[in-house]
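Reviewing the structure listed below.
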Amino acid sequence: ELAESGARFEDVAELLWTGTLPSEPLAWPRADLPELFTAAAPEVLVVDETPPLAWLALLVPALALGDPARYSSAPAALLPRGRRLIRAMAEALGGDPDPSLSVAQSLARGLCPRRAGPATRAFDQGLVLWADHELNVSSFAARVAASAGADLYSCVSAGLAALSGPRHGGACDQIEALLEEIRRPERAADVINERTRRGESLPGFDHPLYPAGDPRALPLLATARALGPRAPRLRLVEALVDAQRERGHEPTIDVGFVALCAALRLRPGSAPGLVAVGRAAGW
């Protein structure tokens, strides 16, 4: 309901942390990024194709080294630290560092400057849906680290490590690899049939906790269609979803988020890093 109503990601994060949805938008402070993540980030991410999760896995401990109060566990210290950390993660992925911007605005201005308005709404929706924290593998990993008294940066690092696995955050990469295999919308059914013949599963479908279909996927797919109906990769996603639905298989949030990234024409491989920004609210 929050995602579909246009709630800001920051407000939903505050709800998760405090139990109260803010009545007024909160301005999150930004952290000064280490030099490597400001001057070199765009070049390294694009030229060297550094995986976004590997980039964030370097960023988080680097921020910890610059925080002399990192071991303080008082709520008055933890909440500002969490806010700064998530903003830093967004900026390290190419977000605009303007401190007046929300997280979604930062990402939209940095990654989709020509469509910042609609992209902001799309990023807010996607991040809110990923903020779902429950006890999936990455959130469980963060809780295990927290149970040992680890500081916030270490807990988020544990979550990032678990998210990097191919059976979690790596699902988005697998879906994009499948799109490369399909190449043209009309080939979707043939590729599915061939994989089925070989006994291979298709990533991004039939979430075990949502037998009737992952409800988080639907708003993302609808937003993607509204944003970029002619985006080539989105047409591939839609062909894949249609072909799978004919076989009784429903898409997961991973497919929905890949569709959103395709509609925004983000470079392939962007999705896992953005997933981490949203899921960090739960971590």
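The values are calculated or read from the model by the stated rules, or taken from the named source; none is laboratory data. Predicted model, so just to flag it, every value in this text is computed and none were measured. Neighbour counts run over all protein chains shown; Cβ positions are idealised from the backbone, glycine included. These area figures cover heavy atoms from the full protein model, side chains too; ligands, DNA and RNA do not enter into them. Shrake-Rupley method; radii C 1.70, N 1.55, O 1.52, S 1.80 Å.
For this structure, a couple of remarks:
- Projected-area mean, segment 143-212, by convex hull of Cα positions, square nanometres: 6.8 nm²
- Ranking of Y153, Y210 by solvent-accessible surface, largest first: Y210, Y153 (1.4 Å probe, protein heavy atoms only, all chains present).
- Remark on F205: its backbone amide H falls under 5 Å from those of T252, a criterion applied only to residues 5 or more positions apart or on other chains, H modelled at 1.01 Å from N.
- Extension gain, L209 back to S72 (0.36 nm per residue minus Cα-Cα distance, nm): 45.7 nm
- For the chain, calculated [θ]222 nm from helices alone, where every DSSP H run of n ≥ 4 adds -39500 (n - 2.57): -18500 deg cm²/dmol
- Ligands, DNA and RNA left out, the accessible area of the chain computed with a 1.4 Å probe is 55% carbon and sulfur.
- Calculated on alpha-carbon atoms, Rg and Dmax of the chain in Å: 18.5, 57
- Take E24: with every protein chain present and a 1.4 Å probe, its accessible area is about 120 Å².
- Two-decimal ratio, segment 147-280, of alpha-carbon radius of gyration to 2.2 N^0.38 Å: 1.10
- Note on segment 215-258: the alpha carbon radius of gyration divided by the globular reference 2.2 N^0.38 Å gives 1.06.
- Amide N proximity, segment 71-109 versus L58 label position 7 Å along Cα-to-Cβ, cut-off under 14 Å: 92-94
- Formal net charge of residues neighbouring R84 (Cβ-Cβ distance under 13 Å; K, R +1; D, E -1): +1
- Square roots of 5 times each gyration tensor eigenvalue, C-alpha, segment 80-176, largest first, Å: 26, 17, 11
- Charged-residue dipole, Cβ positions (Lys, Arg, Asp, Glu), the chain about Cα centre, Debye nearest 20: 340 debye
- FRET efficiency for E246 and V144, using Cβ-Cβ distance with R0 set to 45 Å, rounded to 0.05: 0.65
- Rounded to the nearest 10 Å², the accessible area of H249 at probe 1.4 Å: 60 Å²
- Environment charge of Q125, counting only residues whose C-beta is closer than 14 Å and scoring Lys/Arg +1, Asp/Glu -1: -2
- Measuring with a 1.4 angstrom probe and ignoring ligands and nucleic acids, C155 comes out at about 10 Å² accessible.
- With the charge dipole of the chain set up from +1 on Lys and Arg Cβ and -1 on Asp and Glu Cβ about the Cα centre, the Cα lying farthest toward the positive end among the listed residues V156, A116, A142 is that of A116.
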